[in-house]
Amino acid sequence: MAELGIPHHPAVAIEAIETVWRGRTALQRIRFTRAGFGGRRIGPATWEVLRRGRAVAVLPYDPRADRVVLIEQFRLPALAAGMEPVLIEAAAGLVDDAEDEETAARRETAEETGLAVSTLEPVGRFLLTPGVADETIALYLARVTAPEAGGDGIAGHAGLDHEHEDIRVLVVPAETAFAWLDEGRIVNATTALALHALRGRRQELRRRWR
């Protein structure tokens with residue numbers, strides 16, 4: 001991981017940066033002052049910032065079958081929050097240093113669903129938890145050919161053993177996925193955003209992608 005600094009901004013003066021923990025990501029304690037809306041100087045303040053960097057998320061969609069491919073996996077932070085720890089999600093992951101975001105999106109889709117992406121539709125780039133982390137996520141809809149699934153929607157398993165992933169692949173009608181969203185069953189914010197994007201673009205994508 002390259003040395004992590006803070007980009008220059010004319011309203012912000014960085015006084016000190018301390019890296020208190022470092023692994024694949026890093027936790028930094030940053031002391032700074034900034035210009036407020038009225039022009040007065042605010043601070044110095046100290047924030048802890050989790051430096052996670054770039055991530056991608058992909059919602060695979062089969063326009064011919066009108067089906068969405070989702071995944072289920074265990075999330076320890078969800079359990080820590082007092083929620084059900086097995087979440088329904090879109091395929092997602094961090095971008096490797098040498099990758100561009102579209103390459104990472106195709107890689108994560110293959111690793112977490114076993115599917116090859118034929119077309120990527122960018123939705124946007126978003127901050128996930130701006131009060132805590134610098135992580136941004138580039139969100140895509142992806143054209144795929146969905147695999148066959150059983151009556152329970154399960155179409156197989158995926159994930160990387162060395163990352164301790166145990167992922168169940170789900171294939172469901174788009175309307176079922178939208179119903180899960182409306183019922184509050186989708187609690188992963190990125191997945192909810194992806195499903196809202198698909199619902200808004202679905203008819204257009206079916207025309208273009210078919």
Fill in: Qualifying strands (runs of 3 or more DSSP E) (wholly inside region 21-85; at least 3 residues being over 20 Å from the mean Cα position of the chain (by Cα))
26-35, 41-51
Practice prompt. Evaluate region 89-102: report whether one residue or more is surrounded by 12 or more Cβ atoms within 10 Å (Cβ to Cβ), of a type outside the set (A, V, I, L, M, F, W, C), in contact (Cβ under 8 Å) with a residue 60 or more places away in the chain and over 17 Å from Gly131 (Cα atoms).
Written response: yes
Response to the item:
When (1) under 12 Å from the mean Cα position of the chain (by Cα); (2) assigned to a loop (DSSP other than H, G, I, E, B) are applied to Gly124, the one that fails is (2)
Fill in: Pick from region 103-118, criterion touching a helix residue (DSSP H, G or I) at 6+ places or on another chain (Cβ under 9 Å) and in contact (Cβ under 8 Å) with a residue 40 or more places away in the chain, ranking: surrounded by the fewest Cβ atoms within 10 Å (Cβ to Cβ)
Glu111
Item to complete: Name the single residue, out of those in region 40-88 being of a type in the set (Phe, Trp, Tyr) and in contact with a Leu (Cβ under 9 Å, 6 or more places away or on another chain), that is surrounded by the fewest Cβ atoms within 10 Å (Cβ to Cβ).
Response: Phe74
Discussion item. Kindly evaluate Arg143 against the criterion of being farther than 30 Å from Leu4 by Cα and touching a Pro at 6+ places or on another chain (Cβ under 8 Å).
Written reply: yes
Discussion item. Just to be sure I understand, how many residues within region 182-193 are more than 13 Å from Leu87 (Cβ to Cβ) and surrounded by 15 or more Cβ atoms within 10 Å (Cβ to Cβ)?
Written reply: 1
Worksheet item: Within region 136-158, can one find any residue that is under 16 Å from the mean Cα position of the chain (by Cα), loosely packed, with under 15 Cβ neighbours inside 10 Å and of a type outside the set (Lys, Arg)?
Response: no
Practice prompt. Within region 1-20, track down each residue that is part of a strand (DSSP E or B), exposed (fewer than 12 other Cβ atoms within 10 Å of the Cβ) and not acidic (Asp, Glu).
Written response: Ala16, Val20
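Since every read-out is calculated from the coordinates, none of them should be taken as a lab result. Small disclaimer: the values here were computed from a predicted structure and weren't measured. Quick reminder, even Gly has a Cβ in these numbers, built from the backbone with ideal geometry, and neighbours come from all protein chains shown.
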